[in-house]
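Below: the structure, in structure tokens.
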Amino acid sequence: MIFIALNSITIHDQLRLNTYLCRMTMEPKTQQDILYKLGINTLNTMQLAAAEAIESEDEVLLLSPTGSGKTLAFLLPIIATLDPQLEEVQCLIVVPTRELAMQIEQVTRQMGTGYKVNAVYGGRAGYKDQVDLRHRPAILVGTPGRLADHLRRENFSADFIQTLVLDEYDKSLEIGFESEMKEIVAAVFNLNKKILTSATPKAVVPDFVGFNAPKVLDYLQQGKPQLRIRTVSTSHKDKLEGLFELLCHLGNQPGIIFCNFKDSIQRVSEHLSDHGIAHGCFHGGMEQQDRETALVKFRNGTHQLLLATDLAARGIDIPEIRFIIHYHLPMKEHEFVHRNGRTARMFNDGTAYVLHWERERLLEFVSGASPLKLERGGLPAASDWETIMISGGRKDKISKSDIAGLFFKQAQLTKDELGAIELKQDVAFVAVKKDKTQKVIQLLDNTKLKNTKIRLRLI
């Protein structure tokens, strides 16, 4: 029996008490319950094999293409091993980018298991991490630098961590996180399971991981036959006019244009804007909020084109796209593969276009691609959608259905006028038909939703 003087309880104590009582009464969710919550009927072949391997093996190396569902593949068996009565970090997931950390956090919450999950990463305010870690999550996701820093400061205990996931581990190594990853692996000494994932062929597992005889699941051939690679020659060295002509040839399709440098993205962006082609930008030099906004607008159709560096090649949540364009070719073949992996995913077809100056010698890994003769079309049409940001989210107990109900009832939108809704902890993003956005803002700004006063603005 627990006796607590309620008049002396702190907010922190109240949170811990609520969590304890919730865990004491929490019924474990079955895999069927979770899939139903996610709107998924069945797992794919890779996910079934991964779940079986993770359940039965101590060491698993999962190789599978970008977009094949690796996150769900390792989360399902991990969640089945968690102790609902233990108020400590039990699973640590290390990822190379902020976007992937947030994506895994969101997927885990959408599973509706009742377990607390948090993401920590560089660029996020330190006090937010402190608040989250004061009430320990069962699953902690983060970038190597931020996780290593928290372990050094003893902001959470490594004693109870039984599962370590190094997701896209080769990418973390490639961008310079080797020392931090070594530090993390050395700190988690009570492990029962180590899981590594990658989308890179022949990715080398570093010695510090301590793999002895891992179960290797290689699904990297999945979906390859559906990818077409075409070359597009341009007479101008800067290739801007060639890009414009290619986009007019392709018309209204969702796609990503890859550049090697953020300065190049700025130059290409100005050129497209001058020609009336709407697009978003995504690179490491942008503020985190601006990067998130660019992805939201790309996912919901406000923008059909995204100008990006290799930061967008993997580890971010974007929809199926019809094409990618290499405005610049990467220097390494595996990055070429990862970029191309953004289209032709999960057995759908897609095309990668290599834009090159006619006097430029193509790299060897592009050999065999067939040339494309452009047929000039009209300008890609502007999107019918715009994005409204709402100042309220999950922390305010707001759901997607609450937002949809508000927009249907008070703003009098039809189903065709309301698009995708994305719900975050503090905010929500809603796609609305362009000719209705101003009316919606006028009707709903400063109104109440779930007892929370909300503000709306166009982004």
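All of the numbers you see were taken from the coordinates with simple rules; none came from a lab. Please read these numbers as outputs of a predicted model, since none were measured by experiment. FYI the Cβ positions are ideal-geometry reconstructions off the backbone, even for glycines, and counts take in every protein chain you see.
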For segment 228-382, shape from the Cα gyration tensor axes a ≥ b ≥ c, cut at a/c of 1.5 then a/b versus b/c, turns out rounded
Whole-Å distance linking the alpha carbon centroid of segment 172-198 with that of segment 404-427 is 41 Å
Computed over the chain: longest principal axis from alpha-carbon atoms vs helix 288-299 long axis, angle to nearest 10 degrees, is 70 degrees
Flagged as over-length at 18 Å C-alpha distance, from K128/K193; K37/K400; K128/K424; K400/K424, the pairs are K128/K193
Would you mind counting up the charge near F407? Only other residues with Cβ under 13 Å from its Cβ, with Lys and Arg at +1 and Asp and Glu at -1. +2
Projected onto the charge dipole of segment 6-218 (unit charges on the beta-carbon of Lys, Arg, Asp and Glu, signs +1, +1, -1, -1), the Cα from L217, M102, V131 with the largest positive-side position is that of V131
In nm, what is the difference between 0.36 nm times the number of residues separating D263 and S179 and their Cα-Cα distance? 27.3 nm
Measuring from a point 7 Å past the Cα of M331 along Cα-to-C-beta, which residues in segment 254-269 have an amide N at less than 14 Å? 260-261
For the chain, averaging the sequence separation of alpha carbon pairs under 8 Å that lie six or more residues apart and dividing by its residue count, the contact order in percent is 14 percent
Can you put W357, W385 in order, fewest other beta carbons within 10 Å first? W357, W385
Evaluate the relative contact order of segment 212-334 (contact order divided by residue number), counting alpha-carbon pairs under 8 angstrom at least 6 apart; express in whole percent. 32 percent
Label model pair F208, S370: point-to-point distance (7 angstrom along the Cα→beta-carbon line) in nm is 4.7 nm
Which of T293, H150, H334 sits closest to the plus end of the dipole of the chain, meaning its Cα is farthest towards the positive end, when Lys and Arg get +1 and Asp and Glu get -1 on the C-beta? T293
Taking 0.36 nm per intervening residue step and subtracting the Cα-Cα distance, what contour gain separates K128 from D58 on full extension? 21.9 nm
Inter-probe distance in nm under a simple model that places probes 7 Å from Cα toward Cβ, at Q32 and T452: 3.4 nm
Determine, from the Cβ-Cβ distance of T414 and Q289 and an R0 of 30 Å, the FRET efficiency 1/(1 + (r/R0)^6), rounded to the nearest 0.05. 0.45
Let me make sure I get this right: for segment 237-299, a, b and c are the square roots of the gyration tensor eigenvalues over alpha carbons, sorted descending. Under 1.5 in a/c it's rounded, otherwise prolate if a/b > b/c, else oblate. Which is it? oblate
Looking at the chain, what % of its DSSP beta bridges pair antiparallel, to the nearest 5? 25 percent
Subtract the Cα-Cα distance of A404 and A278 from 0.36 nm times their separation in residues, and report this length gain in nm to one decimal. 42.7 nm
Can you tell me the FRET efficiency between A381 and Q425 if r is taken as the Cβ-Cβ distance and R0 is 25 Å, rounded to the nearest 0.05? 0.10
Put +1 on the Cβ of each Lys and Arg and -1 on the Cβ of each Asp and Glu in segment 6-218; which of V141, A73, A49 then has its Cα farthest toward the positive end of the dipole? V141
Where does the chain land at 222 nm, in deg cm²/dmol rounded to the nearest 500, when only DSSP H runs of n ≥ 4 count, each adding -39500 (n - 2.57), divided by all residues? -10000 deg cm²/dmol
Against the globular-protein guess of 2.2 N^0.38 Å, express the Cα radius of gyration of segment 84-238 as a ratio, rounded to two decimals. 1.21
Per-residue Cβ contact counts at 10 Å, fewest first, order I324, I229, I459, I316 as I459, I229, I316, I324
Of all the Cα-Cα pairs you can form in the chain, what percent are over 43 Å apart? 17 percent
How would you order 201-208, 274-281, 115-122, 306-313 from highest to lowest mean count of nearby Cβ atoms within 10 Å? 306-313, 115-122, 274-281, 201-208
